[in-house]
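All remarks here apply to the structure that follows.
Any read-out appearing in this document is the output of simple, stated calculations on the displayed coordinates, not a laboratory observation. Computed from a predicted model, the values in this text were never measured in an experiment. With ideal geometry, Cβ positions are generated from the backbone for all residues, glycine too; neighbour counts draw on all protein chains shown.
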Amino acid sequence: CPAAGSPYKDKPRFWIDPEGYRDAKGDAFRLERHPGGLHIEARLAGRAHRLEVDGAKAHYRSDQVAVELAAGTWSIGAWEAVTTLPEGTGIDLVPCATLVALLAVAEALPALVTGGR
């Protein structure tokens, strides 16, 4: 826990209900279990990100890129741009790494956080 600043602002804010997530101001996260795996979605700096984990495979998607990953090692298997990107555009996968790191909270979520896509 940060000793200075605003810990309530610095920590990830998770939403259980879809409406709360949709209406949340600022950065927000929502993790949901589904048959065979789970997904975590985030809105970071106004941009949508989603990581789905199904067994040994994971899929990350942002407004720029879709990436297939090996769950566990998180190595990139395949990727593609989901929009036309100008030549030389860099793709930032820090949000993907953030979602991977936050998967650890899945154990702490209530069993009622389940559903489908």
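Of all residues in region 59-105, those that are surrounded by fewer than 13 Cβ atoms within 10 Å (Cβ to Cβ), closer than 27 Å to Arg13 by Cα and among the acidic types (Asp, Glu) total 2.
Filtered by the rule that a residue be within 27 Å of Leu85 (Cβ to Cβ) and surrounded by fewer than 12 Cβ atoms within 10 Å (Cβ to Cβ), region 23-46 gives Gly26, Ala45, Gly46. Screening region 16-109 for strands (runs of 3 or more DSSP E) wholly inside it with 2 or more residues that are free of Cβ contacts under 8 Å to residues at least 24 places away in the same chain and among the basic types (Lys, Arg) returns the ranges 57-61. Name every residue in region 47-58 that is touching a His at 6+ places or on another chain (Cβ under 9 Å) and surrounded by 15 or more Cβ atoms within 10 Å (Cβ to Cβ), in order of residue number. Selection gives Arg50, Leu51, Glu52, Val53.
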